[in-house]
Amino acid sequence: MTPATKIKSSSHESVQEPGDVATAADADEGPPTRRELRRDRRRRRWGDLGLELLVAMVGIGAIAAGFLGFGLNEPTLDKRSAEGLSRATPSALAAVKPLFTLAVLEDPQGQPASLAILVPERDRSGGDIIFVPLGIMAEVASFGLRPLREVSSLGNDNLLTETVANMVGLNFDGVDVVSSDELTDFVKPLGALSVDLPTSVEIPRASSSQTGNRRSVMHLGPGPTDVNPGDLPALFAGVAGESELDRIVRHQVIWEALLGRAARDLPAGADQAGGFSSAVGALAAGETSFHV
């Protein structure tokens, strides 16, 4: 019996592990307090958060380094694309005539009827016309947000010019406010224009505008319509119930008719007068694109 007892006792001693001793010691010390448990949880939580932040910062740094490296090694535009940007800096191109002209066409009442940025090509052969809708809300110095059509009544022409320049981020080389009489005088040598109107419109006759008789109206369109030079300002003006887009569509077909006729019949030297006349002569000399 004695040997068996010793073997059994020896077997227990051989399977005892150091961890069992530690567990027993911990048992002697008692369970952890709530403060110790909270401290352990906070330590683990902040450790995990720190690791996540470190991983995020490394990832952001790698992405930023990749973008910066790309920007330093590769140009934003290749040379062939950059060559097409010939209008960007007039002074660098030693241009004599304005390259960006803001044309403000007035209606018979002296209110803005059309805002258009005229952008001839550097070689004065065609270019672009950019229409600026009069209903756009823009930040006006000292007056806050206002529709562009109201800006002229708040101050002089410079206020409208500055507002449009700030809105589109462009400094104009020239600004030309074309009154209804000036537009009529410019178009008179060209004669009546054949305008392909997309819809029918009703405008006051030029004679009624001068006499104040609002009952004398004329119906134009739809389709190709001969328009006398004196009726163009009223055709540029707004029509009751139309949208900004409808007006700009009508403005485009007027410009197409005007440039088409000017390409053939513009008097010699008219494109050297500067401002509106110069820009129209240059645009009529080549292909012109329209934008809003």
Which Cα, out of Phe143, Leu160, Leu232, lies furthest along the positive dipole direction of region 115-249 (beta carbon charges, K/R +1, D/E -1)?
Leu232
Over what distance in Å are the Cα centres of region 242-258 and region 169-185 separated?
17 Å
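For the ranges 162-171, 118-127, 239-248, what's the packing order if you count other beta-carbon atoms within 10 Å of each residue, average per peptide, and put the highest first?
On the way: 162-171: 14.6, 118-127: 19.3, 239-248: 13.0.
Output ranking for 162-171, 118-127, 239-248: 118-127, 162-171, 239-248.
Bear in mind that the values in this text are calculations on the coordinates, not laboratory data. Just so we're clear, the structure is a prediction, and the values are computed from it rather than from any experiment. As a convention, Cβ positions derive from the backbone with ideal geometry for all residues, glycine included, and neighbour counts pool all protein chains shown.
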